[in-house]
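To start, the structure itself, in structure tokens.
A short reminder: the numbers here are calculations on the coordinates, not readings from a lab. Worth saying up front: this structure is predicted, and the values here are computed from it rather than measured. Virtual Cβ from ideal backbone geometry, glycine too; neighbours counted across all protein chains shown.
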Amino acid sequence: MPEMVLTDALFKIGATSAALVSLSTFTKSVSITYSAEVLDKTAMASSGRKRIAGLKDGSVRATFNQDYVAAKVDATLWPLIGTTGCFIKIQPQSSKSTTINPRYVGAFHLPSYSPLDGAVGALNEVSVDFQGHGVISRLLTAT
């Protein structure tokens, strides 16, 4: 697939993987970070550092146009604060996931949320940072 302009990303979130709410039409930006700890395993008599990959970690950062209507941004995010994990599904395009439209899914925590944060005359936006709770899966099958 050639380069793409991100205009139709899918963002779904919910308390369970079976009850996801789409916030795609409110999503202004989204980013996924996935990493592995780098552990030093250098022992005596080594002439250079040796490393091994450790536990994986992930996070999601998203900015939404705020909406206080039932089943929209605020009503969806508010109950997730401090829960033991919410589920997020993200794709570059809203169409079915394929080898050129991977689906990223996983469990996350929402440690904090500012439902109102803006200045006079500014668009009411909300930015949230989700912390990973386990691994993030990259799936290429149609859904």
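Out of the range 1-90, which chymotrypsin sites (Phe, Trp or Tyr not before Pro) are coil in DSSP terms and have no more than 13 other C-beta atoms within 10 Å?
Here the chymotrypsin sites (Phe, Trp or Tyr not before Pro) that fit, given the DSSP loop and packing criteria, are Y68.
So for the range 62-117, what percent of the C-alpha to C-alpha distances run longer than 18 Å?
More than 18 Å apart: 46 percent of the Cα pairs in the range 62-117.
Within the chain, which is the longest segment containing none of the trypsin sites (Lys or Arg not before Pro) that sit in a DSSP loop and have at most 14 other Cβ atoms within 10 Å? Walk me through the numbers on the way to the answer.
On the way: sites that count: K41, R49, K50, K96.
Answer - 97-143.
Below 25 Å Cα-Cα, how many Lys pairs turn up in the chain? Only count pairs eight or more apart in sequence, or on different chains, if you could.
Lysine pairs meeting the criterion: 13.
Please state the charge dipole magnitude for the range 6-143, taken about the Cα centre, from unit charges on C-beta atoms (+1 on K and R, -1 on D and E), reported in debye and rounded to the nearest 20. Write down the numbers at each step before the final one.
Details: 13 positive and 9 negative charges, 136 e Å.
Here the size comes out at about 660 debye.
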